[in-house]
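The values are calculated or read from the model by the stated rules, or taken from the named source; none is laboratory data. Since this is a predicted model, take the numbers as computed values, not measurements. All Cβ positions, glycine included, derive from the backbone under ideal geometry; neighbour counts span all protein chains shown.
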Ligand SMILES: [Zn+2]
């Protein structure tokens, strides 16, 4: 009798256990976003972009592609602006759509819409740009904790111009960007292996973004159909501009080398639409994961600033690049945004632990003799979480500390 009751109880509970597992591992919002990605629409976007012909920055065709993107963002009801930039005698516009969140943090999904002189750029980077437009459509029906920006950069092929001006201005304004997810060349695949693998490249501080993407595959793998190849430090696209200013970012890149890259044959015939759709699903799921994530600690080194020359404590000049130059002692200042109590901030010089500050304002001084390239890293420790940030600088300090004290 008892046994029967037990069996009945188990039978009653099993269906709930099952449904609990499914909803525990999934989330309807993300599934909805993934299912909103359509191969047909990606094809339409990419075909439209390549049909403008080669569209290098500064050309009429490039402006026309920019306008096409602008109008699509508007069509999906997103707050859309042009961000005009000028660098080394070249002028261009980035196109930005914003989905406002509830916090002061921003997450960026980006691609570049300019091509090289001879190429219609269906893969480089019509593929990433098409996914950006797809994202505009599927994200426009949802809300997120953090602000999402979809940015189509220009000037990439000239040397990451559009994104470097953007990242610098964001840095100067103190914008709190959690991550830039850059898609550049994400549509070429001819083999089975190529069609099921995507490269995700980050620097050391940014590996958590790849972890987030892997998490999406662990939970929604059947709906995405990709595996991740983790890579380190591929600098060749716009995410690098964000890394240069101390932000974190990831670069999505196709697994197989595209032999039509930067040639007149970079056309829609050589873009694998089902592969592009898979990558786009993963990118949007990852973006959404970051846009809804808890931000426990957000650490930034605010002194010395990037893109400036210091004489000891004093900023004497701003530079036209992200480089930092320090004459004399290095004085480091850290700013922390945190939802938990900060216990301490540890400082590292060229990877070696050098000191701790337990009180706000968190500061550290490096007074030893130093020449040329060095790197300072600050790691804030809270009750349960930690977050680091680092700055690279060129240092000229010929006066040892004991001369002055
Ligand atoms: Zn590219």
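Summary table
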item: Identity of the residue in segment 174-197, within 18 Å of the chain's Cα centre (by Cα) and away from the ligand (no atom under 16 Å from the Cβ), that ends up modelled with the lowest pLDDT; result: 174
item: Positions within segment 130-163 being assigned to a loop (DSSP other than H, G, I, E, B) and either within 16 Å of the ligand (Cβ to nearest atom) or buried (at least 22 other Cβ atoms within 10 Å of the Cβ) (or both), in sequence order; result: 146, 154, 155, 160
item: Residue within segment 76-90 that is outside any strand (DSSP E or B), away from the ligand (no atom under 16 Å from the Cβ), more than 16 Å from residue 287 (Cα to Cα) and within 22 Å of the chain's Cα centre (by Cα) present; result: yes
item: Residue within segment 239-249 that is in contact (Cβ under 8 Å) with a residue 12 or more places away in the chain, closer than 16 Å to residue 129 by Cβ, in the same structural domain as residue 131 (by TED's automatic domain parsing) and over 19 Å from the mean Cα position of the chain (by Cα) present; result: no
item: Among (1) in contact (Cβ under 8 Å) with a residue 40 or more places away in the chain; (2) more than 19 Å from residue 176 (Cα to Cα); (3) surrounded by fewer than 16 Cβ atoms within 10 Å (Cβ to Cβ) - the single one residue 352 does not satisfy; result: (1)
item: Some residue of segment 328-349 being touching a strand residue (DSSP E or B) at 6+ places or on another chain (Cβ under 8 Å) and farther than 27 Å from residue 178 by Cα; result: yes
item: Selection from segment 164-213 of residues that are assigned to a loop (DSSP other than H, G, I, E, B) and either at positive phi or touching a residue at least 12 places away in the same chain (Cβ under 8 Å) (or both); result: 174, 175, 184, 185, 186, 187, 188, 189, 190, 191, 193, 203
item: Any chance residue 229 is within 15 Å of residue 209 (Cα to Cα), surrounded by fewer than 22 Cβ atoms within 10 Å (Cβ to Cβ) and either more than 16 Å from the ligand (Cβ to nearest atom) or not assigned by TED's automatic domain parsing to the domain that holds residue 392 (or both); result: yes
item: Meets criteria (under 26 Å from the mean Cα position of the chain (by Cα), closer than 11 Å to residue 380 by Cα and modelled with pLDDT under 95) for residue 338; result: yes
item: Checklist (1) part of a loop (DSSP other than H, G, I, E, B); (2) within 15 Å of the ligand (Cβ to nearest atom); (3) surrounded by 19 or more Cβ atoms within 10 Å (Cβ to Cβ) applied to residue 62, failing item; result: (1)
